[in-house]
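Below: the structure, in structure tokens.
All of the numbers you see were taken from the coordinates with simple rules; none came from a lab. What you see is a predicted model; the values in this text were computed from it and never measured. Quick reminder, even Gly has a Cβ in these numbers, built from the backbone with ideal geometry, and neighbours come from all protein chains shown.
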Amino acid sequence: MLDLLNTLSDDANAFNADHQAVLNAVMTATDDAIITQDLNDNIMSWNPAAERLFGYTSLEALGQPISIIVPSERSAEQRYINGQISKGKKVDRFETICLTKPGTQKLISINVAPIYITERVIVGAAIVARDISERRSEDEKQATLTAIVSTSDDAIVSKTLQGIITSWNPAAEKLFGYTEQEVIGKHISLIIPQDRLQEENFIIDQVAQGRKVDQFETVRRTKDGRDIHLSITVSPVTDPSGRVIGASIIGKDLSATKQFREKQGMLAALISSSDDTIVSKTLDGKITSWNRAAERMFGYTAAEALGQHISLIIPTERLNEETFIIGQVSKGNKVDHFETVRVSKDGRSIPISLSVSPIIDENGQIIGASKIARDISEQVAMQEEKARLYDEIKALNDKKDEFIGLASHELKTPLTSIQAYLQILNGELSDERRKEFLRRATHQVKKLNSLVSDLLDISKIHAGELRFDPAPFDLHQLALDAIELISAANRQYSIDFNTDVKTIIVQGDPQRIEQVILNLLTNAIRYSNNNHQIDVYLSIDSDVAKVAVQDRGIGIPADKLEQIFSRFYRVGENKNVSGLGLGLYLSQYIIDRHGGRIWAESQPGEGSVFYFTLPIEKK
Ligand code: ADP
């Protein structure tokens, strides 16, 4: 370069040969690329370091425009530097990108200075360029590291070998409650519980010998005095010569993990000691857990069952159930109280009730199914026994009904002939005393006949054979007839008929409706408690005819008002009045079949009113 400068210079004496030799040596030996250029941007000198940095030999570079090493998009920078030079100014540590001969780009830092030949005349510029790509990547590394440390969820702390804290990241602040300012320069024992101080000696000892202490589980104390479980990893920090100068500590908070482990332990204990069979499996049916109750129920040990397909315990004909269950579970659904059958190791069928739930991992993915199975053999046996008993009782009941039917039928025939003979006898007798006896006998036979008729009706209802012969009839007339009939046989009673209506035509079996009214009237007399006033009401209530029979007798307790219509039901208090408890049952059946309603209202001790309605025949 100096040769060239000399050529440019009119005053060659300004340089002496020694000086030049020194400069030459420096130019050759230096690691910095040194280039000179004239004011037209042509390269005038090019040292070996420039050859290495830019890839051009000095032969290739000399005389070329400097732009061969300037990326086109940076020509503005070049103009700026030239501007500075022409003003006689230096440009220092200018970081830019250059272009090399192979076409790669490199990060360089350049110093540019004007070349004066006299005090005022500038003939060119000297450029000293240094490759800083590596330095930059070191900087980047450092920056990345700093970023990692400051954003890490783990507490990262460093300290000297004497235990003095030298760095403290935000996670450490959060975990221990001390800010960076509070702890830098303090001793690490600040966060070590008294009884664990000797641990620190051990750790420092290891680190000083260049060893790492990996995942050491311990306890540290926070600013507010809480003890926290940590896993710490301590590594030696070395200087460039490899000497250990301190330690870096990474602390992981284990409290959550520890709680999780405890919970898991508890859960595992619970499952294993549970009386319910608990089994889990993957979505493709592989058994992944098998508790003791499962061992007892199915006869396979955990060792035998684990890893096997669940079809191990599913009867072949029920394999499709498994497809259904897995289908539900994969959709995230539970299958509850699914009653099915499984087979034990020794081939026994076990009726069970299954509850299956999806197993969901921490990412919300369904990874399997857990099943709780309960042995329901006993329930099933009980249900079967119940069903058997029910059938037995029903068969007995049917037999009883059959017997009642048969008996009442058989009783009816002789009764009818007794009644007929009594009637004939009545015509033959003139003696009043005998006639009175005959009248009483006839009365008793009628009572017996009515009882037998009721029994016969009951068995007919049961056999579905009770027939109705429906026809339109006048309910007003029917009620009058019934009242007359009862009054004639019970002269001491005053039965009043209260009504505003003359005729009410209803559709039905008049004999059966008469049976109902007669039954209500005889009840009113039988339970009258010697109060001889009875009232019958007939009215029209919107589209129904309503009949009411009122007595002033013993009455019925409120809680029995519904029951009296049941078959064979009799209110306990009036056992002195004989009866079978069939009249109201039959009445209700008859009124129901006619599309009406029957009910009672009563005040014990004051009397009862029995009502029934019938739809009115539409004109
Ligand atoms: P029975 O009168 O033959 O026992 P019912 O079916 O006619 O059968 O009546 C059932 C029960 O209802 C009677 O036993 C009686 O306890 C009660 N009962 C029925 N009618 C009256 C009434 N008018 N007053 C009080 N209790 C009555």
Per the helix-only calculation at 222 nm, which mean residue ellipticity applies to the chain, given -39500 (n - 2.57) for every DSSP H run of n ≥ 4 and division by its residues, nearest 500 deg cm²/dmol? -13500 deg cm²/dmol
Which residues does a label at Ile117 reach in segment 66-89, if reach means a backbone N under 19 Å from a point 7 Å past the Cα toward the Cβ? 85-89
Please give, to one decimal in nm, the separation of the simple spin-label points placed at Thr301 and Asn498, each 7 Å out from Cα toward the Cβ. 9.0 nm
Sort segment 416-554 into rounded, prolate or oblate with this rule: let a ≥ b ≥ c be the square roots of the eigenvalues of the Cα gyration tensor; rounded if a/c is under 1.5, and if a/c is not under 1.5, prolate when a/b is larger than b/c, oblate otherwise. oblate
Spatially proximal aspartates and glutamates relative to Lys334 (Cα-Cα < 15 Å; intrachain offsets below 8 disregarded): Glu321, Glu322
Largest first and in whole Å, give the semi-axes of segment 57-187's equivalent ellipsoid, each being the square root of 5 times a Cα gyration tensor eigenvalue. 49, 18, 12
In order through segment 38-45: 3J(HN,Hα) via Karplus (6.51 cos²θ - 1.76 cosθ + 1.60), integer Hz, x for Gly, Pro: 8, 6, 8, 6, 8, 6, 10, 8
Taking the chain as the reference, fit the longest principal axis to its C-alpha atoms, fit the long axis of helix 510-526 to the helix C-alpha atoms, and give the angle between the two in degrees, 0 to 90, nearest 10. 80 degrees
Two-site FRET efficiency, Gln215 against Thr166, from Cβ-Cβ distance with R₀ of 22 Å, rounded to 0.05: 0.45
The chain: radius of gyration over Cα atoms, expressed as a fraction of 2.2 N^0.38 Å: 2.28
Phi-based couplings in Hz for segment 321-334 (Karplus 6.51, -1.76, 1.60; Gly and Pro marked x): 4, 4, 4, 5, 4, 4, x, 5, 5, 5, 7, x, 8, 9
In this structure, among Lys258/Lys286; Lys212/Lys258; Lys174/Lys258; Lys159/Lys223; Lys141/Lys186; Lys106/Lys141, pairs with alpha-carbon gaps over 21 Å are Lys258/Lys286; Lys212/Lys258; Lys141/Lys186
Check: the chain dipole with +1 on Lys, Arg Cβ and -1 on Asp, Glu Cβ, in debye: 1580 debye
What residues qualify as long-range amide H neighbours of Asp276, i.e. H under 5 Å apart, gap of 5 or more or another chain, H built at 1.01 Å from N? none
For segment 589-596, what does the Karplus curve 6.51 cos²θ - 1.76 cosθ + 1.60, with θ = phi - 60°, yield as ³J(HN,Hα) per residue in whole Hz, taken in order and with x for Gly and Pro? 4, 5, 5, 3, 5, 8, x, x
Cα-based convex hull volume of segment 212-252 per residue, rounded to whole Å³: 67 Å³
Under-5 Å amide H pairs with Ile359, H placed in peptide plane, nonlocal only: Ile367, Gly368, Ala369, Ser370
Determine the gain in length on full extension of the stretch Asn333-Thr442; use 0.36 nm per residue of separation and subtract their C-alpha separation, reporting nm with one decimal. 31.6 nm
Just to confirm the number: angle between the C-alpha axis of helix 377-428 and the first principal axis of the chain, 0 to 90 degrees, nearest 10? 20 degrees
Taking a threshold of 29 Å on the Cα-Cα distance, which of the pairs Lys447/Lys560; Lys394/Lys447; Lys435/Lys502; Lys394/Lys560; Lys345/Lys371 fall above it? Lys394/Lys447; Lys435/Lys502
Between Ser566 and Asp139, what is the label-to-label distance in nm when each label sits 7 Å out along the Cα-to-Cβ direction? 9.9 nm
Mind checking the angle between helix 432-463 and the chain's longest principal axis? C-alpha axes, 0 to 90 degrees, to the nearest 10. 30 degrees
Sequence-distant residues sharing a close amide H with Val237 (under 5 Å, placed H): Ile245, Gly246, Ala247, Ser248
